[in-house]
Amino acid sequence: MTRRAFSVAIYARQGDRVLVIEHHRLKTWLPIGGELELGETPLEAARRELREETGLEGDFQPLAGALDGVPAGLIGYEEHAAGSKGTHMNFVFVCEVAAASVVKPNDEFGAFRWITRAELASLESPLNVRQFGYVALDARW
């Protein structure tokens, strides 16, 4: 049986830019993210992963037009193969971070960038990273 893991991806947004990181192991640009811990909801995992990986605190708000019961900031869901880690079932979030916020990278990535919509088009990343990046930039509270 293939391993399955629930995970989260977080698009931290500062106005018209989103944060992406260059993942050491995967050698590609991705949003912040990671696996849910035992007993944790996807939103709790999103807040924790953002804080652990960047030192940032995000404001996760209900999205305009979201259905009742949908977690604040949830913009989508996707599944992808993660090599020996099996299948990741990934909840994708957007949050706003204060303009004065400073990223404090952990050891999972070295480089990071705040990118605009125009820069997303040429980002060296999986297609869905760019697609969700556009959704994150278009999200309204």
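Some points to look at:
- Of all accessible heavy-atom area on the chain, the percent that carbon and sulfur account for (1.4 Å): 55
- Amide H contacts of Gly76 (H built 1.01 Å from N, in plane; Pro and chain starts excluded): Val92 sit under 5 Å, all sequence-distant by 5 or more or on other chains.
- Accessible area expressed per residue, the chain, with surrounding protein chains retained (probe 1.4 Å, Å²): 53
- Nonlocal amide H pairs with Ser7, under 5 Å, H built at 1.01 Å: Leu36, Met89, Asn90, Phe91
- In order along segment 4-19, phi translates into HN-Hα couplings of 10, 9, 7, 9, 10, 10, 10, 9, 6, 10, 10, x, 9, 10, 10, 8 Hz, rounded to whole numbers, per the Karplus curve 6.51 cos²θ - 1.76 cosθ + 1.60 with θ = phi - 60° and x for Gly and Pro.
- Extension gain, Trp114 back to Glu57 (0.36 nm per residue minus Cα-Cα distance, nm): 19.0 nm
- Overall, the chain carries a charge dipole of about 280 debye about its Cα centre when +1 sits on the Cβ of Lys and Arg and -1 on the Cβ of Asp and Glu, all other atoms neutral.
- Förster radius 30 Å - calculated FRET efficiency between Arg140 and Arg3, Cβ distance, rounded to 0.05: 0.25
- Secondary-structure-derived ellipticity at 222 nm for the chain, considering helices only, amounts to -6000 deg cm²/dmol, per-run term -39500 (n - 2.57) for DSSP H runs with n ≥ 4.
The values are calculated or read from the model by the stated rules, or taken from the named source; none is laboratory data. The shown structure was predicted, so the numbers you read here are calculated from the model rather than taken from an experiment. Don't worry about glycine lacking a Cβ; one is built from the backbone with ideal geometry, like all the others, and counts go over all protein chains shown. With ligands, DNA and RNA removed, areas are computed over all heavy atoms of the protein, side chains included. Shrake-Rupley method; radii C 1.70, N 1.55, O 1.52, S 1.80 Å.
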